[in-house]
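J.: Structure incoming, see below.
What follows draws every value from the coordinates through simple rules; no lab data is involved. Treat the numbers as computed from the prediction; the structure is a model and nothing was measured. Cβ coordinates were reconstructed from backbone atoms using ideal geometry, including for glycine residues, and neighbour counts include every protein chain displayed.
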Amino acid sequence: MINTQKKILVIKLGALGDFVQAASPFNAIRLHHSAERITLLTSPDFMALANSSPWFDHVKIDHKPNALQIKKWLSLRKWMRSSGFTRVYDLQTSDRSNFYHKMMKPLNKLNPKPDWSGNARDCSHPHNNIHRDLMHTIERQTEQLNLAGIYNIPPADLSWINADISKFGLQNTFVLLVPGGAAHRPAKRWPGEYYQQLIRYFASKKIQVALIGGKEEISLLNELATTDPICISLAGTTDLLDLFSLARNSLVVIGNDTGPMHVAAVSGCKTIVLYSSESDPALCAQRGDDVTIFRENNLFDVNPTQIIKHLSQTLGCNQT
């Protein structure tokens, strides 16, 4: 029997914040194409999360070959052309993914070029708003899907994520701090001594602090963890599914404008994000049920007492 099931390709390569903010579009595409086979083309970092989700039938890893890796390019092109996709939703809309549109030349009349939603030149369903680069990611992707015929875009349901966080040995009441971020953008990092003041504040309330970060931030977080015995570093020990469950069960998550803060925001927990002039919340702010943003041109001007006052007002903890 010939398989007549249509095949859909979704392209989303990263980074973490962008991937998290695509959760609602992922869900919308799944609802719209409920009877069709959906493949996600993504980066290795997101494979486990994508495979665990209800959004995709298959996940394909894109190793992002460079210009000299001709064999890898040919392999990727062969896969894209021979997979029989009828529609592609390019949620990456980058120079790389636009080049993938060029590679989708049909093999023969039985494999026509698929419909393509994105901003690639001459694609069938272009997001042709000249102001798209001035839109917040959420609104930009919503408009892109609307132009492709998807109008039902409900908030992402992430209740299916239920990682076992007992392995971290945390107290019943804990907070998460995210002191790191891209090493090449130090202006996006709140000073370490300010995080130390928050750690001491929570310690005075007998509230455990867990520090979140990648393996490259182990040294930074281990040093901060020495501020008080109640504070621990989880640097390099958590995966994406862990982060969602940790955030969902935390009292509050406080951190710099970096990927894990997007995880916290969509998890529904109280989230406080610290912004400098290095990034614009109008374009990339974390979105969620309880997100507060503190922003100054220089992060040194966001005083810890501001954060502590806000916490005392919203969490019911008295200041010390």
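J.: Would you please state the base-10 log of I(q)/I(0) at q = 0.12, 0.14, 0.20, 0.23 1/Å for the stretch 213-320, with intensities from the Debye formula using one equal scatterer on every alpha carbon?
T.: Taken in order of the listed q values, log10 I(q)/I(0) reads -0.44, -0.62, -1.29, -1.49.
J.: Of the listed peptides 51-60, 273-282, what is their order by residue-averaged count of other C-beta atoms within 10 Å, with the highest listed first?
T.: Numbers: 51-60: 16.1, 273-282: 17.8.
Top of the packing list down: 273-282, 51-60.
J.: Using only the alpha carbons of the stretch 128-277, determine the length spanned along each of the three principal axes and report them from longest to shortest in whole angstroms.
T.: The principal-axis extents, from largest down, are 54, 35, 26 Å.
J.: Another question, if that's okay. With 10 angstrom as the radius, rank HIS131, HIS33, HIS101 by how many other C-beta atoms surround their C-beta, starting from the fewest. Working shown, then result.
T.: Working: HIS131 7, HIS33 18, HIS101 22.
By the 10 Å Cβ count, ascending: HIS131, HIS33, HIS101.
J.: Using only C-alpha atoms and all pairs of different ones, pull out the Kirkwood radius for the chain in Å with one decimal.
T.: For the chain, inverting the mean 1/r across all distinct Cα pairs yields 21.2 Å.
J.: Quick one: MET104, MET47, MET261, fewest Cβ neighbours within 10 Å first, how do they rank? Don't jump to the answer; show the numbers that get you there.
T.: Numbers: MET104 20, MET47 15, MET261 28.
With the fewest neighbours first, MET104, MET47, MET261 line up as MET47, MET104, MET261.
J.: Please report the antiparallel percentage of the DSSP beta bridges confined to the stretch 166-314, to the nearest 5. Walk me through the numbers before you get to the answer.
T.: Values: 0 of 19 bridges.
If I count the DSSP bridges inside the stretch 166-314, around 0 percent turn out antiparallel.
J.: Could I ask something else about it? Give me the percent relative contact order of the stretch 162-320, please, defined on Cα pairs under 8 angstrom at least 6 residues apart. Write out the running numbers ahead of the final one.
T.: Numbers: 292 pairs, mean separation 37.3, N = 159.
After rounding, I find 23 percent.
J.: Take the stretch 51-154, compute every pairwise Cα distance, and split them into 5 Å bins from 0; I just need the percent in each bin.
T.: It works out to 2, 11, 20, 21, 20, 15, 9, 2, 0, in whole percents.
J.: Over the chain, with a Gaussian network built from C-alpha contacts below 10 Å, which listed residue (ALA28, ALA120, ALA182) shows the highest mean-square fluctuation?
T.: ALA182
J.: Within straight cross-link reach of LYS113, meaning Cα distance under 28 Å, which lysines are found once same-chain residues fewer than 8 apart are removed?
T.: List returned: LYS6, LYS7, LYS12, LYS60, LYS64, LYS71, LYS72, LYS78, LYS102, LYS105.
J.: For every other residue with a beta carbon closer than 15 angstrom to the beta carbon of GLU139, add +1 if it is Lys or Arg and -1 if Asp or Glu, then tell me the sum. Walk me through the intermediate numbers first.
T.: Values: positive: ARG132, ARG140, ARG287; negative: ASP18, ASP133, GLU143, ASP280.
Cβ neighbours under 15 Å give a net charge of -1.
J.: Sequence-distant or interchain residues sharing an amide H contact under 5 Å with TRP116, placed H: which?
T.: Here VAL88, SER124, HIS125 satisfy the definition.
J.: At a 10 Å Cβ-Cβ cut-off, how would you order TYR194, TYR201, fewest neighbours first? All intermediate terms of the calculation are to be shown ahead of the outcome.
T.: On the way: TYR194 19, TYR201 22.
If I rank by nearby Cβ atoms, fewest first, I get TYR194, TYR201.
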